[in-house]
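Here's the structure, in structure tokens; my notes come after.
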Amino acid sequence: MVTSIHVLGSRELGGADRFFIRLVEALTRAGHPTLAVTRPGSPVAREMRPEVEQLHLPLAAKWDLYSRWRLTRLIAERRPDVVQTYMGRATRLTRLPRHSPALHVARLGGFYKIRGYYEHAHAWVGNTQAICDYLKAQGLPSERIFHIGNFVPQPRDVSADERRALRQQLGLSDEALVVFALGRLIEKKGFADLLRAWAATPADAAGPPAVLVIAGDGPDRQALESLSGELGLRERVRWAGWQNDPTPFYALADLFVCPSRHEPLGNVILEAWQHRLPVLSTRNEGATELVDEGVNGLLAPLSDPAGLAQALSAMLALPSAERRRLADAGHRTVQAEHHESAVVNAYLALYERLAAERRSGR
């Protein structure tokens, strides 16, 4: 049994935050006492299942001395085996008390600034090999850097009635083919590229009319909706807004597109595969590590609307059996490499390895 404290300073509910929830809940279900330290009123705090113990701290900034003191005191009182931190703010504020037996593991899901934030941890986990290589290039000791991927949950069943109601809500005809995209509406997610690509993709490339459904919100939403209008896409695009539970949208979709210009991993790709959707992604960092082109997905040029349009047309023109083949291969990838039990066991094995090394004086 491993006791652990997990610290997250974010006020968002993006891919990294959702993984925090999934891992903490999975460790709790597996019988390992786990405390989640989050910001009061944050989306993560609200989404966490009630069986997970939570403690709320301001975690307001990198110089939040109160939160730093409270974390150190909490670790001294609880004496956990592991303290795992997520992203820069939580990692910088977390300092183990002197002579603490705990291990500090910093988990990174992006190419963050290292100096001044991460050096004091005992070990570092990158959720892609590219992030691990980046950590080594930043001068962290390679023997303490570990690659453990993310997992995504099994999707709940979505009834035919629920799909039908969503189709009506979105104003989609029964025969319309649904292309789905999901993410924060910010520049690096590439939604402007996707809209320009969609404008250059024939409406009947798949035979039946195809409609792009975008779920998400963010500071660029108004500009993106304006761009959609300028491109003459008002009838071919639906804006679904932020979705705490995107499952019905995945269930409604015929294929998934990830247009990101920068994506360290791509949880949305894993989620789409888990829902047995064929995936088209730009050649961002995460996708090139996840996608075996032509086997479990297709790839398009990065930050290139014309190239993305060409790839979209090619995906839409594939026979339905070929799209199913890609979707099934993607689902097998998730089950083999990004299943909950595999990722949880990898973390538990890492904790035990680090603890054994400490006991042996290494």
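Results, tabulated for the structure shown:
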item: Any pair with Cβ under 7 angstrom, 6 or more apart, that starts in segment 316-340 at a residue that is under 30 Å from residue 28 (Cα atoms) and ends at one that is part of a helix (DSSP H, G or I) and aromatic (Phe, Trp, Tyr); result: 330/273; 331/273; 333/273; 334/273
item: Residue within segment 169-190 that is aliphatic (A, V, I, L, M), modelled with pLDDT of 95 or more, within 19 Å of residue 313 (Cα to Cα) and out of contact with any strand residue (DSSP E or B) (no Cβ under 6 Å at 6 or more places or on another chain) present; result: no
item: Single match in 92, 163 (criterion: among the basic types (Lys, Arg) and over 19 Å from residue 16 (Cα atoms)); result: 163
item: Count of segment 291-304 residues which are buried (at least 20 other Cβ atoms within 10 Å of the Cβ) and either over 23 Å from residue 334 (Cβ atoms) or modelled with pLDDT under 95 (or both); result: 1
item: From the options 261, 221, 236, 196, residue that is within 30 Å of residue 129 (Cβ to Cβ) and among the basic types (Lys, Arg); result: 261
item: Residue satisfying condition, being assigned to a loop (DSSP other than H, G, I, E, B) and not basic (Lys, Arg), within set 280, 302, 298; result: 302
item: Scan of segment 329-362 for residues that are of a type in the set (Asp, Glu) and buried (at least 16 other Cβ atoms within 10 Å of the Cβ), ordered by number; result: 340
item: Which listed residue is assigned by TED's automatic domain parsing to the domain that holds residue 172, in a helix (DSSP H, G or I) and either buried (at least 21 other Cβ atoms within 10 Å of the Cβ) or within 15 Å of the chain's Cα centre (by Cα) (or both), from 286, 307; result: 286
item: Residue that is nearest to residue 112 (Cα to Cα), among those in segment 144-158 that are over 16 Å from the mean Cα position of the chain (by Cα) and assigned to a loop (DSSP other than H, G, I, E, B); result: 156
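For every residue, the table says whether it meets (1) touching a residue at least 60 places away in the same chain (Cβ under 8 Å); (2) touching a Phe, Trp or Tyr at 6+ places or on another chain (Cβ under 7 Å); (3) surrounded by fewer than 16 Cβ atoms within 10 Å (Cβ to Cβ).
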{"site": "85", "(1), (2), (3)": "yes, no, no"}
{"site": "92", "(1), (2), (3)": "no, yes, no"}
{"site": "113", "(1), (2), (3)": "no, no, yes"}
{"site": "125", "(1), (2), (3)": "yes, yes, no"}
{"site": "142", "(1), (2), (3)": "no, no, yes"}
{"site": "160", "(1), (2), (3)": "no, no, yes"}
{"site": "169", "(1), (2), (3)": "no, no, yes"}
{"site": "177", "(1), (2), (3)": "yes, no, no"}
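Conditions tested, residue by residue: (1) over 23 Å from residue 306 (Cα atoms); (2) surrounded by fewer than 17 Cβ atoms within 10 Å (Cβ to Cβ); (3) among the polar types (S, T, N, Q).
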{"site": "204", "(1), (2), (3)": "no, yes, no"}
{"site": "220", "(1), (2), (3)": "no, no, no"}
{"site": "242", "(1), (2), (3)": "yes, yes, no"}
{"site": "255", "(1), (2), (3)": "no, no, no"}
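To keep it simple, each residue is scored yes or no on (1) under 17 Å from residue 10 (Cβ atoms); (2) at pLDDT 95 or above; (3) over 26 Å from the mean Cα position of the chain (by Cα).
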| site | (1), (2), (3) |
| --- | --- |
| 61 | yes, no, no |
| 69 | no, yes, yes |
| 81 | no, yes, yes |
| 85 | yes, yes, no |
| 98 | no, no, yes |
| 142 | no, yes, no |
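The values are calculated or read from the model by the stated rules, or taken from the named source; none is laboratory data. Every value quoted in this text rests on a predicted model; they were computed, and no experiment measured them. Reconstructed Cβ throughout: ideal geometry from the backbone, glycine too, with neighbour counts over all protein chains shown.
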